Amino acid sequence: MPILTVFGLATIEIWFAVPAGLALGVPPLALWLATLAGSLLSVTVVAFAGDSLRTWLIRKRGGGVIGGRGRLYRIWIHYRVIG
């Protein structure tokens, strides 16, 4: 069960997975493999589903950054990189 916890945390944030795995007493090799697998899973999901998810969100929210309108564009103009 601790390995699944490390795997799940690594899909969200790798910096949480390693300390949690060490705290749970996961052996280093298993910790490395679970963290690697979780990170690769999240990268794969973003790589293959990112464009369709972005298109769906733009369609649902009714706008985007490209046309110079919409909430994301206003946030970008007002706050720049910090926003």
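Computed quantities for the displayed model
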{"read-out": "Tally, over segment 2-28, of residues that are more than 15 Å from Val45 (Cα to Cα) and hydroxyl-bearing (Ser, Thr, Tyr)", "value": "1"}
{"read-out": "Residue within segment 4-12 that is surrounded by 11 or more Cβ atoms within 10 Å (Cβ to Cβ), without any contact (Cβ under 8 Å) to a residue 24 or more places away in the chain and either in contact with a Ser or Thr (Cβ under 9 Å, 6 or more places away or on another chain) or not polar (S, T, N, Q) (or both) present", "value": "no"}
{"read-out": "Out of Leu22, Leu72, Leu33, Leu41, sole residue that is surrounded by 12 or more Cβ atoms within 10 Å (Cβ to Cβ), on the phi < 0 side of the Ramachandran plot, in contact with a strand residue (DSSP E or B) (Cβ under 8 Å, 6 or more places away or on another chain) and of a type in the set (A, V, I, L, M)", "value": "Leu72"}
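Read-outs: derived from the displayed coordinates by stated rules, not from any lab. Note that the structure is predicted; figures quoted are calculated from it, not measured. Reconstructed Cβ throughout: ideal geometry from the backbone, glycine too, with neighbour counts over all protein chains shown.
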